[in-house]
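Read the figures in this text as sums done on the coordinates, not as results from a lab. The shown structure was predicted, so the numbers you read here are calculated from the model rather than taken from an experiment. All Cβ positions, glycine included, derive from the backbone under ideal geometry; neighbour counts span all protein chains shown.
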Amino acid sequence: MYTVKNLSKFFYEDSWKALLSRNEVKALDNLDFSFFKNESIGILGRNGSGKSTLLKILGNILTADSGRLSYEYQSVETSYISGNERSFFWRLTVKENLEFFAKMYCINKNEEKILISELANELEFTRFLNVKFMALSSGFKKKISIARALMKNPEIFLFDEITNSLDITSKKKIKEIIKNFHNDQNGKVLFWASHDVQEALEVCNRILILQQGKIVISLKKGDDDFNERNINQYL
């Protein structure tokens, strides 16, 4: 079991106010919840509700101002995947990018070659391996982001609005990839932050709705209220 206990995060309105008045904006407000292996959890809420902040804290990109994360397991790897592709090298090819990250993840050369080939085949970007990253469409850039996350093979995947700005076909393909990868047998945890309620219901077996940094409702697949109409009233 993983436990989030009394998690809070503050930001300041801007730099000069931060120095003079310490005027704080609370992004997360004493958040409490637990989650388990094999769960896929949708994080829904309006802009500014704390979705991205929560995922970045879970992914060790941001540090909480108070509260704690407790893991039943000794070592937990996470991977944060967003619609932002700036962490890739735009002038390198797809293959060169993935080879670089494979080295960062301490994957040996023989395994790296097999893994890149398998991921390219599974995610259908084999013909783009020798194409520079900057020449890819938004949909394929996000596929490469997913490939990098799968290559790292963490316990917890954190998808932050990964389908934003994609066309319907690309959205459908990426959802299929994630759903096929994540199942109740592989022991992984998946977080899926989104503004799209139907998308979250398709991908996830649990929904958390945030308002002003607090969880206002938690629903599980099978609950009577686990539907788009009920969830929309909180958004």
Choose one of L136, Q198, Y234: the residue whose Cα lies farthest towards the positive end of the charge dipole of the chain (beta-carbon charges +1 Lys, Arg; -1 Asp, Glu; about the Cα centre). L136
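If each residue of separation counts as 0.36 nm, what is the full-extension length gain between D32 and Q198 once their alpha-carbon separation is subtracted? Intermediate results must be reported in sequence, preceding the final value.
Numbers: separation 166, 0.36 × 166 = 59.76 nm, distance 2.50 nm.
57.3 nm is the gain from fully extending D32 to Q198.
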Spacing of the two label points (7 Å from each Cα toward its C-beta) at D167 and C106, in nm: 4.3
Provide D225, D196, D160 in ascending order of the number of other Cβ atoms located within 10 Å of each residue's Cβ, fewest first. D225, D196, D160
Which value, in debye to the nearest 20, describes the size of the charge dipole of the stretch 143-235 about its Cα centre when Lys and Arg Cβ atoms bear +1, Asp and Glu Cβ atoms bear -1, and nothing else is charged? 340
Whole-Hz Karplus ³J(HN,Hα) for the stretch 100-116, in order, using 6.51 cos²θ - 1.76 cosθ + 1.60 and θ = phi - 60°, x for Gly and Pro? 4, 5, 4, 5, 4, 8, 6, 8, 5, 4, 5, 5, 4, 4, 5, 5, 4
Inter-probe distance in nm under a simple model that places probes 7 Å from Cα toward Cβ, at R46 and E24: 2.3
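How large is the dipole of the chain about the Cα centre if only Lys and Arg carry +1 and Asp and Glu carry -1, each at its Cβ, rounded to the nearest 20 debye? Don't skip to the answer; put the middle values down first.
Details: 34 positive and 30 negative charges, 116 e Å.
Roughly 560 debye, rounded to the nearest 20.
Nothing charged except the Cβ atoms of Lys and Arg (+1) and of Asp and Glu (-1): what's the magnitude of the dipole of the stretch 38-178 about its Cα centre? Round to the nearest 20 debye.
Working: 21 positive and 17 negative charges, 114 e Å.
With Lys and Arg at +1 and Asp and Glu at -1, about 540 debye.
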Rounded tilt (10° steps) of 168-181 against the dominant C-alpha axis of the chain: 90
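What is the calculated FRET efficiency for E124 to M1, with r their C-beta to C-beta distance and R₀ = 35 Å, to the nearest 0.05?
Numbers: r = 36 Å, r/R0 = 1.03.
The value I calculate is 0.45.
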Set K141/K179; K56/K214; K56/K141; K109/K172; K141/K175, cut-off 25 Å on Cα-Cα distance; pairs above it are K109/K172
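Highest mean first, what order results for 117-127, 93-103 on Cβ atoms within 10 Å?
Numbers: 117-127: 15.2, 93-103: 18.3.
Going by the mean number of other Cβ atoms within 10 Å, highest first, we get 93-103, 117-127.
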Once you place label points 7 Å from the Cα toward the Cβ at K132 and K179, how far apart are they in nm? 3.7
